[in-house]
Amino acid sequence: MRLKELEIQGFKSFPDRTLLQFGSDCTAIVGPNGSGKSNISDAIRWVMGEQNSRSLRGQKMEDVIFGGTETRNQMGFAQVTLVLDNTEHIFPSMEETEVAVTRRYYRSGESEYSINGQNVRLKDVYELLLDTGIG
């Protein structure tokens, strides 16, 4: 199994939709201090169901939503989609060759989770990832 794509929108330092595609070879994310490299790993942890805002380097869960700048308004939600390759059927309950896990969080405190576009519970995300070694 491998990570194919990560789509981030409104999450921490990524106000615009940002799509990172990971090839089958080695992929590295480089940049100067403060460019958002750590926010990419936070996004992966968050979409997989992390509930502790301190583990995501924040005080409260609302801190994952882009807070705005002098020239940009704050966002009303954060959304991350993680696309995993399932050609080797790591997820036996899934027939598809790609599995997309999405988490969306609103400033109101509401959360939504989906797997391949179908709304699910956080428990369903945990069960999907259970015994895959992704933890």
Problem set entry | Qualifying positions in region 32-47 - open to solvent by less than 30 Å² (accessible area, probe 1.4 Å) and assigned to a helix (DSSP H, G or I) | 39, 40, 42, 43, 46, 47
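Results for (1) over 15 Å from residue 105 (Cβ atoms); (2) of a type in the set (A, V, I, L, M, F, W, C); (3) in contact (Cβ under 8 Å) with a residue 40 or more places away in the chain, shown as yes or no for each residue.
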{"site": "2", "(1), (2), (3)": "yes, no, yes"}
{"site": "5", "(1), (2), (3)": "yes, no, yes"}
{"site": "12", "(1), (2), (3)": "no, no, yes"}
{"site": "19", "(1), (2), (3)": "yes, yes, no"}
{"site": "22", "(1), (2), (3)": "yes, yes, no"}
{"site": "27", "(1), (2), (3)": "yes, no, no"}
{"site": "33", "(1), (2), (3)": "yes, no, no"}
{"site": "52", "(1), (2), (3)": "no, no, no"}
For this session: Identify, from the list 81, 102, 71, 87, the residue that is over 29 Å from residue 132 (Cα atoms) and β-branched (Val, Ile, Thr).
Result: 71
Exercise. How many residues, within region 1-17, are in contact with a Leu (Cβ under 8 Å, 6 or more places away or on another chain) and surrounded by fewer than 16 Cβ atoms within 10 Å (Cβ to Cβ)?
Worked result: 4
Seminar exercise, completed: If we keep only residues of region 18-31 that are more than 12 Å from the chain's Cα centre (by Cα) and more than 15 Å from residue 86 (Cα to Cα), then the residue least open to solvent (accessible area, probe 1.4 Å) is 31
For this session: Would you mention how many residues in region 10-27 are within 22 Å of residue 69 (Cβ to Cβ) and not in a strand (DSSP E or B)?
Result: 6
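The values are calculated or read from the model by the stated rules, or taken from the named source; none is laboratory data. Here the structure is a predicted model, which means the values were calculated and not measured. Neighbour counts run over all protein chains shown; Cβ positions are idealised from the backbone, glycine included. Note: accessible area is taken over every heavy atom of the protein model, side chains too, but ligands, DNA and RNA are not part of it. Shrake-Rupley method; radii C 1.70, N 1.55, O 1.52, S 1.80 Å.
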